[in-house]
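Below is one structure, written out as C-alpha cells, with a few remarks after it.
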Amino acid sequence: MAEPPQRILLFGGTFDPPHRAHVDLPVRVAEQLKCQRILYIPTGTSPFKTDAPPTSRRHRLAMLRLAIRYIPNAEISTVELDRRGVSYFIDTLRSLRERFMDDAELYFLIGCDQALEFHKWKDWREILAGATPAVMLRPPWNRESFRAALDEIYDAEEIARWMGWIVATPKLDVSSTDIRSRLASGGGTVELLDDEVARYIAEHKLYV
C-alpha cells in the first residue's frame, strides 16, 4: 500500500530578526496539523514591503539558522532569497509543488492580518488550490472581529472556509518591528530572542 503524502508546514517571513514566536508557533501548529516537517522560507523582496528593504539576506539567513537549530523537523528553503526581483508566494508554491510533486500535502502559516489581505495576493485562488492556510489570530484580533472583517471581503462560503482554517495558538504579542525599535534605542530583548541570535546581532552590530 502506498505511503500517505507527508504534511509540510510552510512558514514565510522576513525574520528580521527571527524571535521566539517564530520558533514556538510553527512547532505548535505543526503538532496540531500533524505535519512531519516545517519549512521556513525567508523572503527576498516582498511585494508589500518594497519601500523598506530588510536586513541583508546573509544576516537574516544566519540568524534563522541559529534560531531553529534545535527543531529536529525544521529546515530552511532559500527559494525566495535566490530569486531576483519581487518575490510572490505563488511562484514559491509552484516551485515547491514541482519539488515535492504529489508526495506532500502543503500548509502555509499566516497571521490573520495577512489573511485579510490575502485576496490581494497574486493568483490567490491558485494558492488555495495548492496549499491550505493555517491562520493565527494575533492581538488585537479575536474570532469575532476576524469574522466581521472577513464579511467585508468574502461571501458566506469563503468566510466559513477561512474560519475553519484558524489554528489554536497562544497570544504572543511580539514582532520583529518592535524588537528592531528596542534594539535601536538600547532596550533589552533577552526574553524575545534566542541567546545565539542575540549574540549574533551584537557581534555584527545590527539594528543600531
Is the stretch 59-171 best put as rounded, prolate or oblate by its Cα gyration tensor, with a ≥ b ≥ c the root eigenvalues, rounded for a/c under 1.5, and otherwise prolate when a/b is larger than b/c, oblate when not?
prolate
If each K or R counts +1 and each D or E counts -1, the residues other than residue 195 whose Cβ falls under 12 Å of its Cβ total 0
To the nearest 10 degrees, the tilt of helix 20-33 (Cα long axis) against the first principal axis of the alpha carbons of the chain is 20
Checking 78, 177, 169 against a Gaussian network model of the chain (alpha-carbon springs below 10 Å), the top fluctuating residue turns out to be 177
Taking N as the number of residues in the stretch 1-123, what value does Rg over Cα atoms divided by 2.2 N^0.38 Å take?
1.06
From the helices alone, meaning DSSP H stretches of at least four residues, give me the mean residue ellipticity at 222 nm for the chain, per-run term -39500 (n - 2.57), in deg cm²/dmol to the nearest 500.
-11500 deg cm²/dmol
Cα-based helix-to-principal-axis angle, 89-100 vs the chain, degrees rounded to 10:
80
Would you mind telling me which residue in 27, 86, 167 has the biggest mean-square fluctuation in a Gaussian network model of the chain, where springs connect alpha carbons within a distance under 10 angstrom?
86
Normalised contact order of the chain, rounded percent, pairs of Cα under 8 Å and 6 or more residues apart:
25
Once the Cα atoms of helix 57-67 and of the chain are each reduced to a long axis, what angle between those two axes, in degrees from 0 to 90 to the nearest 10, is obtained?
80
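For the stretch 6-173, what proportion of DSSP beta bridges, expressed in % and rounded to the nearest 5, is antiparallel?
0
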Could you check which residue among 168, 129, 198 shows the biggest mean-square fluctuation in a GNM of the chain with a 10 Å Cα cutoff?
129
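All of the numbers you see were taken from the coordinates with simple rules; none came from a lab. Note that the structure is predicted; figures quoted are calculated from it, not measured. Neighbour counts are summed over all protein chains in view; Cβ atoms, including those assigned to glycine, are modelled from backbone coordinates with ideal geometry.
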